[in-house]
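The values are calculated or read from the model by the stated rules, or taken from the named source; none is laboratory data. Since the structure is predicted, the reported quantities are computational estimates derived from the model, not experimental observations. Backbone-built Cβ (ideal geometry, glycine too); neighbour counts: all protein chains shown.
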Amino acid sequence: MSAQLSLQKLASFRAQNSRQSLETVEHGTILLKNKKATSADPDACAWLEQLVLAAIDVGRLSIADECIASLKEKFPGSPRVDVLIGIRKEATLPAQDVLAYYDGLLDSDEANAAAWKRKVSILRRMGDVSRAVDELSAFVDTYYTDVEGWLELADIYSSCNQYDSALSALQHVLLLAPQNPFYVLQAAEVAYTAGDITLATKFFLGVVDMTEDPDLGPAARIEAVPEGIAVRAWFGLKQCTRRLIKDPRTAAASASQTLVPEHVNFLDELATERLLTSYSTYSSGPRKGPVCGREELVKCMEHEYEEPQQPSLLDKMTKQMMRHPLIPAGMIVTAGTLTMAFKRMQQRDAVGYQRWLRARVLAQGLTIVAIVYAGVQEMGMGVLTGKTRPAVPPPTSAYESREFEKRLKDAEEAHRIEEIVKDASAHTSLNNGTNISTKAPASAPSVLSTSSSSSSWTSWLGWSKKD
């Protein structure tokens with residue numbers, strides 16, 4: 001392969017912003033062997049830098065060192081070459097040593113943006129996310145028009161589940177590069193994850209509008225098959241419209257206060273039609289026939305609005321019994337002891353009857369303790385998971401609101417009448433000279449009392465006595 005052809009190949013890789021590390025190393029090796037043919041090339045520094053990064057990617061560090069030496073000889077003291085040396089150090093040296101190297105570069109030249117970016121990359125690789133965010137925030141404040149810096153900041157926030165901050169960073173990206181549909185799609189997906197469904201709907205519609213051919217007429221657009229990121233945008237729009245139709249209150253949770261688009265049902269039908277069209281047949285290439293995954297998509301569309309099957313009362317009871325087995329066990333033991341006591345009573349066995357009654361009381365007490373414990377546990381789990389129900393559910397419509405207010409007024413009126421009747425009764429009793437206070441009845445002696453308070457539980461049950 002000639003050196004001229006290798007130069008053209010590497011130039012095409014740079015124009016397409018394609019890494020292609022293996023092919024770059026192959027063509028770059030040919031150029032290194034033909035230095036005479038490439039010595040007069042004005043783009044020598046460009047392909048040498050390209051070859052350094054590709055050689056580090058594939059582990060050919062000797063080639064990277066040779067290229068860096070050539071660049072240092074041609075451009076001594078170049079900040080760009082210094083950053084290449086730092087990238088070479090990242091391949092072999094510890095992260096702390098490389099970080100110290102970049103700090104030295106920034107101390108000597110604060111305007112070295114490439115070294116600043118590499119420092120942020122090292123901090124993120126080390127796991128020091130807070131410091132990486134601080135450095136990157138300072139970087140984008142200094143170089144506001146750097147789109148890559150804002151994208152990296154949004155990616156860091158997303159990895160930390162801070163989607164609101166990530167969306168804020170992506171909005172700066174949209175200000176700097178509003179013509180890129182990939183950035184709009186990323187902002188739409190982050191907005192959907194953050195719960196701002198209406199804003200996500202707006203962004204997904206923007207992606208659809210940006211990816212359509214403006215030269216096509218309305219009829220041609222309907223016949224066109226969505227491809228690429230347009231399919232992903234239609235999927236996102238379908239998810240948003242589904243959420244808005246199932247729960248209209250979702251729009252109220254929009255942090256950006258974006259209005260709900262008109263005709264949400266029509267948008268939902270349009271998204272369904274576009275997705276089915278994109279999964280109908282192959283639009284290009286030698287393959288013909290249905291696209292892989294169409295059956296799954298059709299099933300999803302058929303069952304999208306089906307309400308989930310509610311569990312029956314028996315299923316709920318079985319689930320609760322499995323979660324708290326002591327309660328049904330205590331109820332069974334209580335019923336069993338009561339049955340045995342009834343049999344002893346029929347047999348006129350007074351001693352056995354008393355024993356089984358005492359056992360029944362003990363089993364019933366343990367069952368009550370188990371019920372109380374289960375209730376406390378359920379309340380605690382509800383507080384932890386945030387699934388506690390309000391005491392009075394709010395009315396969901398104007399009619400229910402009026403009915404609720406009417407019932408509340410009726411209850412207040414009934415309470416007022418009851419208070420008037422009580423006051424009248426008390427006044428009549430005082431006029432008749434009677435005392436309205438009553439004494440509490442004396443407590444009856446316990447039938448199950450024992451002869452000795454110091455007896456043990458077994459003696460109290462009577463099981464230690466011999467018949």
Q: Kindly provide the set of residues from the stretch 218-266 that are surrounded by fewer than 19 Cβ atoms within 10 Å (Cβ to Cβ), of a type in the set (S, T, N, Q) and assigned to a helix (DSSP H, G or I), ordered by number.
A: Q239, T250, N265
Q. Would you call A194 among the small types (G, A, S), crowded, with 18+ Cβ neighbours inside 10 Å and at pLDDT 95 or above?
A. no
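Being free of Cβ contacts under 8 Å to residues at least 60 places away in the same chain, under 22 Å from E152 (Cβ atoms) and outside any helix (DSSP H, G or I): is that true of Q179 here?
Values: free of Cβ contacts under 8 Å to residues at least 60 places away in the same chain: yes; under 22 Å from E152 (Cβ atoms): yes; outside any helix (DSSP H, G or I): yes.
Here the answer is yes, as Q179 does meet what is asked.
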Q | Criterion: assigned to a helix (DSSP H, G or I) and within 48 Å of the chain's Cα centre (by Cα) - qualifying residue of L51, L31, L5 | A | L51
Q) Within the stretch 160-171, how many residues turn out to be touching a residue at least 24 places away in the same chain (Cβ under 8 Å), surrounded by fewer than 18 Cβ atoms within 10 Å (Cβ to Cβ) and not charged (D, E, K, R)? A) 1
Q) Given the conditions (1) under 27 Å from K299 (Cα atoms); (2) loosely packed, with under 15 Cβ neighbours inside 10 Å; (3) in contact (Cβ under 8 Å) with a residue 24 or more places away in the chain, which single one is not true for E269? A) (3)
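So which of E73, E110 ends up being exposed (fewer than 13 other Cβ atoms within 10 Å of the Cβ) and farther than 24 Å from A54 by Cβ?
Working: E73 fails: farther than 24 Å from A54 by Cβ.
Only one candidate passes the filter, namely E110.
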Q: Kindly establish whether V372 is in contact (Cβ under 8 Å) with a residue 24 or more places away in the chain and either in a helix (DSSP H, G or I) or surrounded by 13 or more Cβ atoms within 10 Å (Cβ to Cβ) (or both).
A: no
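Considering only helices (runs of 4 or more DSSP H) fully contained in the stretch 282-363, which possess at least 2 residues that are modelled with pLDDT under 75 and in the same structural domain as K238 (by TED's automatic domain parsing)?
Working: elements: 294-302, 313-323, 326-346.
Fully inside the stretch 282-363 and qualifying: 294-302.
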Q. Can you pull out the residues in the stretch 1-33 that are of a type in the set (A, V, I, L, M) and under 15 Å from D43 (Cα atoms)?
A. A3, L5, L7, L10, A11, A15, L31, L32
